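To start, the structure under review is shown below, and the notes come after it.
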Amino acid sequence: MQHHTSLRWLKLACLSVIGFGLLGVLATVPALSGATRFFIDLAFWPLDGAPGTPTPESSLLWAILNGIVIGWGVLLWQVTTKVYASTPDLGRTMILTSIGIWFIVDGAGSVAAGAPVNALMNITFLLLFYIPLWRPARQVEA
């Protein structure tokens, strides 16, 4: 993949992480928590409408964790635009290490929590970053 194409793809991937985090933070507002309840229902397959109204404690955790997700997305954006853009090998290593560790920890935790469907859904985010970074980017001769 050419370097400018992988940069564009990575920016989209970063915006996806940030957007997911923003949706999660919005879900801490009771009137807006429907999407979160659907996500939880989906993660704890089968879809049965079981998730109830979020507790104040779970809303706090959603706010904290999704704040971290947004911050991670912003950090990935900065690594993409400031490191990977100028030093592709270093940026590639940083992004792949971060995404790989997230995928393993989140997936193992999801399975341990009884939500293996979430581990499967995580493959989408993994691919958003791994596809443009699978091989070192090729610079286009000017």
*State which residue is modelled with the highest pLDDT when the search covers only segment 118-142 and only residues that are in a loop (DSSP other than H, G, I, E, B) and not aliphatic (A, V, I, L, M).*
Trp134
*Looking at (1) of a type outside the set (Gly, Ala, Ser); (2) under 24 Å from His4 (Cβ atoms); (3) surrounded by 17 or more Cβ atoms within 10 Å (Cβ to Cβ), find the lone condition where Arg138 falls short.*
(3)
*asked:* Please determine whether any residue of segment 47-67 is among the small types (Gly, Ala, Ser) and on the phi > 0 side of the Ramachandran plot.
replied: yes
*Considering only helices (runs of 4 or more DSSP H) fully contained in segment 1-117, which possess at least 3 residues that are surrounded by 14 or more Cβ atoms within 10 Å (Cβ to Cβ), of a type in the set (Phe, Trp, Tyr) and modelled with pLDDT of 85 or more?*
56-78
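The values are calculated or read from the model by the stated rules, or taken from the named source; none is laboratory data. Nothing here was measured: the structure is a model prediction, and the numbers come from that model. FYI the Cβ positions are ideal-geometry reconstructions off the backbone, even for glycines, and counts take in every protein chain you see.
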